[in-house]
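Below is one structure, written out as structure tokens; comments come after it.
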Amino acid sequence: MNALLGELRMVKVLHQQSGVCLFTHQWKWNLQAHAEGVDALVMSFTQFAREIDGGEVVQVHFDPSRIDQMDRSSTSPMPASSGGLIMISLQNETIQAVLFHDRTADAACAALTAFLQRILQRFGELFKHELQQLQPQLQASATPTAEEV
């Protein structure tokens with residue numbers, strides 16, 4: 001796993017229904033960029049997947065722009081990367097864990113997915129009591145689903 005640490009950009013744990021960010025850790029992310037925008041992006045992908053077929057977002061690929069690749073390191077939330085970026089998303093009934101990493105080999109992607117699965121599992125175990133206590137406040141922040149409207 002240590003060899004893969006250089007590939008990591010950011011991990012987030014969000015309350016699944018409300019999209020409220022419960023945890024963020026950044027490895028290689030522009031400090032001037034607003035991480036809250038990433039929360040909104042993840043929620044948009046999640047909502048879009050639900051509306052299409054009731055499914056889940058599992059993986060999203062971001063290709064680097066060919067036009068502004070030279071300027072990307074100074075203006076983008078992510079430092080320049082020749083291979084692009086991948087977002088992996090896993091969820092359980094309460095929380096969603098999202099990992100952004102540099103595009104890499106399939107074997108490394110499988111290891112990073114297992115890493116994210118472990119984060120999802122451990123976060124749920126360690127903060128089970130707190131999540132139960134926060135549930136009413138988080139529920140009040142949730143966007144209604146199509147079935148609830």
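Every number here is computed from the coordinates shown, using simple stated rules; none is lab data. All values derive from a computational prediction rather than experimental measurement. As a convention, Cβ positions derive from the backbone with ideal geometry for all residues, glycine included, and neighbour counts pool all protein chains shown.
Tabulated results
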read-out	value
Under 10 Å, Cβ to Cβ, from residue 101 - net charge with Lys/Arg +1 and Asp/Glu -1	+1
Environment charge of residue 20, counting only residues whose C-beta is closer than 12 Å and scoring Lys/Arg +1, Asp/Glu -1	-1
Net +/- balance of residues flanking residue 90 in space, Cβ distance below 13 Å, scoring K and R +1, D and E -1	+1
